[in-house]
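See below for the structure under consideration.
What follows is calculated from the coordinates using simple rules that are stated; it is not laboratory data. Predicted, not measured: the structure shown is a model, and the values here were computed from it. Positions of Cβ are generated from backbone atoms using ideal geometry, with glycine treated the same way; all protein chains shown enter the neighbour counts.
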Amino acid sequence: MHRQSSIYVRIALSAACLLPAGCGSVDAGKFSAWSEAARQVESGADASFDALERDARDSAVLTAPDRKIGRDGFPLLNAQGQSYDLATPLSRLRASLDMLCRYADALAKLAGAGSAADVDRSAQDLAASLRSLQGSGVSAVTANGLSTAVDAYGQALLARARKDGLRRTMDLAQPGLDRLAEEMRQALPELRLYLLNIKLRYLSFVDADGVRPRYGSWARYQFDLGAAGQLAQYVRLDQALGSADLALQAFPDTHRQLRRSLDDPGERLERLRDFIAEARRLRGFYRALPGQ
């Protein structure tokens, strides 16, 4: 705990003592594009998580047994009928995505010769995001690896050549980013399986004998339209979750390629282009979700 406190103190002091520093030959545009794509990924994933929570709640009500509501209300259940904890993985994913978004923004500010106030805010946001991530249940190894990067960012603010500060920060951050992606590797696929379970429970309800109105009636048409819309929503949500998963897993490799480009300006940035394309794809999915 003492180490963490000292990190935050050094960040604040470094930002306060920030001296004007040139960016050298850093192409700030690629870091800004990466940061904007990371924001789109976070927004799209968060909207997808909101939609999943709504569908899970609706499913719990739709398939609840005939009993008094009681204190437990309508608990979420898995395919085996056991209690399902949706809040914990969503909290961890949200904290992880927020950390990645804040980190990308911090690097963009450093690469783009942001003002002292801009970089100071980024440093504070990054430190706050790290605390949230630590509280979400990620492993201590991952959290410590990322705290090293936060520390390095604070020290980079004092560098006369910001390019050197970027190099050091990114070198120290890479192992933590790799570990975070690895920890999250199963989270989104498991949520997609849970969504499939919700879909199957919905189908079992609408296909039950006596539920659908008589064939050829207006009521049947309206009922089937509603079912078709719900099934299409499940498909869009599954695609959005899959897209968020691809973006989350691609973040460390995109970061690695950007780091190499600091030493080799001719480095091809396929990973960055792919990451931006996935962010746009996810944005399209979440805009089609209800409530957006």
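Largest GNM mean-square fluctuation across LEU100, LEU225, LEU193, computed for the chain with C-alpha springs under 10 Å, falls on LEU225.
The label-point distance for ALA79 and ARG121, in a model that sets each label 7 Å from Cα toward Cβ, rounds to 4.7 nm. For the chain, a Gaussian network of Cα nodes joined below 10 Å ranks ALA277, ALA104, ALA240 by mean-square fluctuation, and the top entry is ALA277. With the cut-off at 1.5 for a/c, could you classify the range 193-244 from its C-alpha gyration tensor as rounded, prolate or oblate? Since a/c reaches 1.5 but b/c is at least a/b, the shape of the range 193-244 is classed as oblate. The smallest convex shape that holds all Cα atoms of the range 161-292, its convex hull, gives 118 Å³ per residue. Model label sites at SER217 and ASN144, defined 7 Å from Cα along the beta-carbon direction, differ in position by 6.7 nm. Taking a ≥ b ≥ c as the square roots of the eigenvalues of the Cα gyration tensor, the range 142-219 is prolate, since a/c reaches 1.5 or more and a/b is larger than b/c. Each Lys and Arg Cβ is given +1 and each Asp and Glu Cβ -1; about its Cα centre, the chain then shows a dipole of about 240 debye. Modelled label positions at SER204 and VAL235, each set 7 Å beyond Cα in the direction of Cβ, lie 2.4 nm from each other.
Expressed as a whole percent, how much of the Cα-Cα distance distribution for the range 61-100 exceeds 11 Å?
So the pairs more than 11 Å apart make up 72 percent of the total in the range 61-100.
Taking amide H as placed 1.01 Å from N in the peptide plane, the amide H of LEU77 sits under 5 Å from that of TYR84, each at least 5 places away or on another chain. For the range 181-222, a/c is not less than 1.5, where a ≥ b ≥ c are the root eigenvalues of the C-alpha gyration tensor, and a/b tops b/c. That puts it in the prolate class.
Comparing GLN155, GLN82, GLN249 in a Gaussian network model of the chain where C-alpha atoms under 10 Å apart are linked, the largest mean-square fluctuation is found at GLN82. Compute the separation of the alpha-carbon centres of the range 192-223 and the range 39-112 and state it in Å as a whole number. The two parts, judged by their Cα centres, are 25 Å apart.
Labels on offer are (i) 63, 52, 33; (ii) 101, 43, 31; (iii) 76, 41, 29, and the one holding Cα extents along the principal axes in Å computed from this structure is (iii). What net charge do the residues around ARG94 carry, taking every other residue with its C-beta under 10 Å from that of ARG94, with Lys and Arg at +1 and Asp and Glu at -1? Local charge sum for ARG94: -2.
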